[in-house]
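The values are calculated or read from the model by the stated rules, or taken from the named source; none is laboratory data. Values in this document were obtained by computation on a predicted structure and should not be read as measured data. Glycine gets a Cβ as well: all are built from the backbone with ideal geometry, and neighbour counts include every protein chain shown.
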C-alpha cells in the first residue's frame with residue numbers, strides 16, 4: 001500500500017520495496033509511531049525527524065540568513081575603516097598647520113615644511129640622486145665579487161679600502177636624499193668650519209669627470225693585460241695596479257658626488273691648505289735645532305704599469321749630538337690628497353751637519369698621472 005509519511009512528508013512509491021511497509025523510506029520512522037506521537041501532541045509542531053532529507057530542506061534558510069549577516073558585518077567594517085583613515089588624514093593636516101603657524105618655536109623665516117622642501121627640489125634632482133645611488137650600489141656589488149676572490153694580501157687590502165670609500169659615498173647620498181624627503185636642512189661642520197664649495201663649481205667638476213673617464217679606460221686596459229697571464233709576479237703586479245686604480249676611482253667618484261650634491265669632502269675643498277711642497281708641513285717647535293731644508297722629486301723612469309719617482313730629502317741638524325730620523329715622503333695631487341708615499345727609515349744626521357738623502361718609489365701609472373707635488377714628514381727616533 002502506498003502511504004505518505006505525516007512526519008517528513010515522503011510519498012512512498014513502488015520503488016521503495018527494500019523498506020518494509022510499516023517504515024518510512026524518507027525518515028526511517030514507523031508510520032504508526034509518528035501518527036501516534038502527532039496525535040498526543042497538544043501543540044502542533046514539526047516531528048523530531050533527523051533524516052538527511054528533512055534537514056536538507058531546512059538548511060538553505062539558515063545559510064541564506066548567515067550570508068546576509070556576514071555581508072552586513074563586512075560592509076560595516078569597511079565603513080569604519082574609511083572613517084578612521086579620514087580622521088587620521090585630518091589629524092595630520094591639523095598638525096602641519098599648527099607647526100607652520102607656531103611662532104614661539106622659531107622665527108617664521110626659519111620654518112621649513114616638507115611641502116616647501118619638495119617644491120624647491122625638482123623631479124630631475126630627485127631622479128638624479130636615485131640614479132647616483134644605483135650606480136654606487138652597482139660598484140659596491142662588483143667590489144664584493146672581486147674581494148671574494150682573495151683571502152689576504154695587498155690586493156685584498158686595497159680593494160677593501162675602495163669598498164669602504166664607496167660605502168661612505170652611498171651613506172652620504174642616502175642622507176642627502178632623506179633630507180630632501182623629510183625636509184631636513186643639512187649643515188656640515190667639522191673642527192668648527194662649515195662646508196664651503198669652491199667658487200667655480202663647474203670648473204672644478206669638469207676636470208674631475210675627465211679624469212674619471214680616463215681612469216676607467218686605464219682600469220679596463222690593465223684588466224685586459226692581467227687576463228693574459230695565469231700566474232707569476234707580472235700578474236700580481238698588474239692586479240695590484242688594477243686594485244690601486246679602483247681605489248683612486250672610488251676617491252674621484254666621491255669627489256664628483258660631493259661637488260654635485262654639496263656633500264663634505266674637506267680635504268679636497270680646503271682652499272687654505274697649501275698645494276706647494278712644504279718641508280715644514282708638520283711644524284716643529286722653534287726650540288728644535290733641526291729642520292728639513294728641502295724635498296724634491298721627479299720621474300726618472302716610466303712604463304705602462306708604473307712610474308719611478310726619485311726623491312731628494314735634505315735635513316739639517318744644529319744640535320750638539322747626532323740625530324736619527326724616520327718619516328715619509330708623500331706624493332700629492334693638485335687638491336692636496338696623498339695619493340702615494342715612500343717610507344724613510346732611520347736616517348742619521350751628525351751634529352752641525354746638513355745631509356742629503358735619496359730614494360725612489362714605484363707609483364702605478366694611473367696614480368702617477370695625478371701627482372702634482374711632494375712633501376716630507378719626519379720625526380726624531
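The figures follow:
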quantity: Subset of the range 220-234 [farther than 16 Å from residue 307 by Cα, touching a helix residue (DSSP H, G or I) at 6+ places or on another chain (Cβ under 6 Å) and surrounded by 15 or more Cβ atoms within 10 Å (Cβ to Cβ)]; calculated: 223, 225, 226
quantity: Boolean, residue 348 is within 44 Å of the chain's Cα centre (by Cα), on the phi < 0 side of the Ramachandran plot and either part of a strand (DSSP E or B) or surrounded by fewer than 15 Cβ atoms within 10 Å (Cβ to Cβ) (or both); calculated: no
quantity: Residues of the range 7-20 classified as closer than 16 Å to residue 36 by Cα and surrounded by 16 or more Cβ atoms within 10 Å (Cβ to Cβ), total; calculated: 2
quantity: Given (1) within 16 Å of residue 255 (Cβ to Cβ); (2) modelled with pLDDT of 85 or more, index of the condition residue 205 fails; calculated: (2)
